[in-house]
Amino acid sequence: DIGTPQITVTGPSFPLTTVGLSSVGNLTLTPHRDAKIASVSSSDPQFKVGHPSVGPNSTVSAGQSVTVPITYTPVLPGHSGAILTVKASQQTATTEVSGDGAAAVLTASASQLHFGSAPVGTPLSKPVSFTNTGPAALKIDSVHLPTAPFSVSGALTAGAILQPGQSLAVNVTFDPLTAGSFAESLKATAEGSEANVELLADATPAAPIALVETPPPTLVPIPPLATPPVGLQPARLSGLRVSPRTIARIGRSRRRVLIAYDLTAGATVKITVERRVVGRHCAHHRSCVRFVPTKIVLTIAGKPGANHSSLSVASLRPGSYRLSVTATAPTGLSQTTSHMSFKITL
């Protein structure tokens, strides 16, 4: 100081601060007589001087306090200090400030997630968390996400701030579409600290769908009250046969099935190809089977006695199917439906 001090300077204090992050404290200036604050400077750029709470060249009355924000941003772990110099109305005052920088420490709850082996089409999930195990707050700088068949859901994003001891939990899912062995990684970095989780999994071919034949329904004939006129007799369908029952994918242009059946009377015959689908979420946690109609539908006029038809199935992909054959008498007097299954292989 020069002469008798005319201004009191109180320096700020800073909490433990992670390298690369910032903490702000206030420098307080109190003049003992009216004065103008000319400048405030710092000897170390880690301690940055902000704008005073009064405007430039403003006169500060005796006893009035002025605050100046000081931002501390450590560049290395350890203790740092600086001299703050205040110039006001021909007077100069100084004060020392200091702070401690801490290295960021980001830790994953596991260095490796092994999902084991799963059939194709069966997703598996495992949790993992990232925790700030250092003494000060840290900021997530970047996140590297794995590629398919792995995916990540959760709040692990760049820019997130973690206080000491705070964690971010995510869920990693393995959902393979093809068989094989897979390895990927999930990684997050924060202020020079890195947490990496290795992801390992194997996918096996899906179990083949067992072909289950649906027996034709049992028909209980009901004697007519009177003999229908000629041309209106009931139409019964029986003896449904399909050949071949298994069709290889090769020779696509020749993929056809031959259908044979017997009718007791002339009728309109509708042939529909239905795909067998196995559901996973049914009542009582059991799998269930349903048949979904495809776009292959054929309607023809059937004749009494033996009937034969040929049907192209070249547009169908490999899987299990069934033929639904319905015969309807001309006036709708009777209707009979039979089923027969077949399969298309790779």
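The values are calculated or read from the model by the stated rules, or taken from the named source; none is laboratory data. All of these numbers come straight from a predicted model, not from anything done at the bench. Reconstructed Cβ throughout: ideal geometry from the backbone, glycine too, with neighbour counts over all protein chains shown.
Filtered by the rule that a residue be free of Cβ contacts under 8 Å to residues at least 40 places away in the same chain, hydrophobic (A, V, I, L, M, F, W, C) and either in contact with a Lys or Arg (Cβ under 9 Å, 6 or more places away or on another chain) or surrounded by 12 or more Cβ atoms within 10 Å (Cβ to Cβ) (or both), the stretch 300-346 gives a lone residue, 300. With respect to residue 164, determine if the residue is out of contact with any Leu (no Cβ under 8 Å at 6 or more places or on another chain), modelled with pLDDT under 95, crowded, with 19+ Cβ neighbours inside 10 Å and part of a loop (DSSP other than H, G, I, E, B). So residue 164 fails the test. Taken together, the residues in the stretch 52-79 that are of a type outside the set (A, V, I, L, M, F, W, C) and free of Cβ contacts under 8 Å to residues at least 24 places away in the same chain amount to 8. Identification of strands (runs of 3 or more DSSP E) wholly contained in the stretch 262-313 with 3 or more residues that are under 43 Å from the mean Cα position of the chain (by Cα) and modelled with pLDDT of 90 or more yields 267-279, 288-302.
From the list 71, 67, 107, 122, which residue is under 26 Å from residue 173 (Cβ atoms) and assigned to a strand (DSSP E or B)? Reasoning before the result, please.
Values: 71 fails: under 26 Å from residue 173 (Cβ atoms); 67 fails: under 26 Å from residue 173 (Cβ atoms); 122 fails: assigned to a strand (DSSP E or B).
Checking each option against the conditions leaves just 107.
Of the candidates 118, 93, 110, the single residue that is under 27 Å from residue 22 (Cβ atoms), in contact with a strand residue (DSSP E or B) (Cβ under 6 Å, 6 or more places away or on another chain) and surrounded by 12 or more Cβ atoms within 10 Å (Cβ to Cβ) is 93.
Can we say residue 49 is more than 46 Å from the chain's Cα centre (by Cα), in contact (Cβ under 8 Å) with a residue 12 or more places away in the chain and within 15 Å of residue 87 (Cβ to Cβ)? Answer is no for this residue.
Taken as a whole, the structure leaves residue 149 outside the set of residues that are of a type outside the set (Lys, Arg) and touching a Gly at 6+ places or on another chain (Cβ under 7 Å).
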